[in-house]
Amino acid sequence: MNKETRRELFNKDCEELRTQCTNLTEQMEAYMSNDLDYHTVLTLKERTLSELFEIQNKITEIDGTYDLLDADDLQSTN
């Protein structure tokens with residue numbers, strides 16, 4: 001894979017991750033602005049934990065795809 005294609009794919013993946021994080025933050029802000037009953041809090045906890053795991057999986061996927069733990073490869077991506 002050439003450097004330009006690799007950079008475009010990396011940027012696309014990072015944008016998807018940024019969108020996931022932004023959406024989760026917005027949901028949390030919306031919930032925090034309201035008084036919540038116990039059942040709603042439990043539902044929120046389950047849903048946000050699920051979304052956090054999705055974000056974690058995306059980070060792991062990006063790391064594996066672009067070898068971000070290897071400093072030389074990170075420099076080539078940047």
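The values are calculated or read from the model by the stated rules, or taken from the named source; none is laboratory data. It should be emphasised that the depicted structure is a prediction, and the values quoted were computed from it without experimental measurement. Note that each Cβ is placed from the backbone with ideal geometry, even for glycine, and that neighbours are counted across all protein chains shown. What goes into the accessible areas is simple: the full protein's heavy atoms, side chains included, and nothing from ligands, DNA or RNA. Shrake-Rupley method; radii C 1.70, N 1.55, O 1.52, S 1.80 Å.
Annotations
- Among Leu24, Leu52, the order of accessible area from largest down is Leu52, Leu24, computed with a 1.4 Å probe on protein heavy atoms.
- Note on the chain: helix-only mean residue ellipticity at 222 nm, from DSSP H runs of 4+ residues weighted -39500 (n - 2.57) and normalised by residue number, equals -29500 deg cm²/dmol.
- C-alpha long axis of helix 38-66 to longest principal axis of the chain, angle in °: 0
- With every protein chain in place, the chain: carbon and sulfur % of accessible area (1.4 Å): 54
- The magnitude of the dipole of segment 5-63, with charges of +1 and -1 set on the Cβ of Lys/Arg and Asp/Glu and taken from the Cα centre, is near 220 debye.
- Per residue accessible area of the chain, 1.4 Å probe, in Å²: 77
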